[in-house]
Amino acid sequence: MNAVRVTAIACLMPLSELDEDPFLVDDRSQHAMCKQWAAARDYRLTCRLTLHQLRADHRALWHDVEAGLVDVFVAPNRRALENAIDGADEFTERCAAAGVRLETTDLEEPVYTRAMKSRVHRRLSMPTAGYNGC
């Protein structure tokens, strides 16, 4: 396996946005895209972040970079990145300055049926009731 270490970034949107933009609510599908992208390049996915409007300079983003544990950040697409990080352009600049690549998978988003939305809703609304999302 290639030694390139990847941190996946997905956005965390409120469940109330499910009908308007199900992909941005469905962090599992976002992470699956990132995993697929990394696997296609034989990169190692080492961290998964699910964020909502986190500041571009937040320590959570840079701790592993400073420790030399991140080679690439990947997000499903620019729209997800912009919802995950407040100041996506600043984040892009910081990545370049730190020598860490920032990529987007740009894979096609799933088309959400009523049943798919229902599964996302169940998974996100019942996590403490023992529902594991299957």
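The values are calculated or read from the model by the stated rules, or taken from the named source; none is laboratory data. Computed from a predicted model, the values in this text were never measured in an experiment. With ideal geometry, Cβ positions are generated from the backbone for all residues, glycine too; neighbour counts draw on all protein chains shown. Remember, those area values only see protein heavy atoms, side chains included, never the ligands or the DNA or RNA. Shrake-Rupley method; radii C 1.70, N 1.55, O 1.52, S 1.80 Å.
Below is a table of values for the structure above.
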read-out	value
Matching residues in segment 24-47 - criterion: being polar (S, T, N, Q) and either assigned to a helix (DSSP H, G or I) or free of Cβ contacts under 8 Å to residues at least 24 places away in the same chain (or both)	Ser29, Gln30, Gln36
Residue in segment 47-58 that is open to solvent by less than 50 Å² (accessible area, probe 1.4 Å) and either over 16 Å from Met13 (Cα atoms) or more than 17 Å from the chain's Cα centre (by Cα) (or both) present	yes
Which listed residue is farther than 28 Å from Arg122 by Cβ and open to solvent by 70 Å² or more (accessible area, probe 1.4 Å), from Asp42, Asp19	Asp42
Within segment 1-43, tally of residues that are within 21 Å of Val72 (Cβ to Cβ), among the aliphatic types (A, V, I, L, M) and modelled with pLDDT of 95 or more	10
Neighbours by Cβ (under 8 Å, 6+ apart or cross-chain): first from segment 48-74, of a type in the set (A, V, I, L, M); second part of a loop (DSSP other than H, G, I, E, B) and open to solvent by less than 60 Å² (accessible area, probe 1.4 Å)	Ala56/Gly87; Val65/Val100; Val70/Val100; Val72/Val4; Val72/Tyr43; Val72/Val100; Val74/Thr105
Within segment 80-134, considering residues that are in contact with a helix residue (DSSP H, G or I) (Cβ under 8 Å, 6 or more places away or on another chain), within 18 Å of Ser29 (Cβ to Cβ) and among the β-branched types (Val, Ile, Thr), the one modelled with the lowest pLDDT	Val120
Identity of the residue in segment 76-116, among the hydrophobic types (A, V, I, L, M, F, W, C) and touching a Cys at 6+ places or on another chain (Cβ under 7 Å), that ends up surrounded by the fewest Cβ atoms within 10 Å (Cβ to Cβ)	Leu102
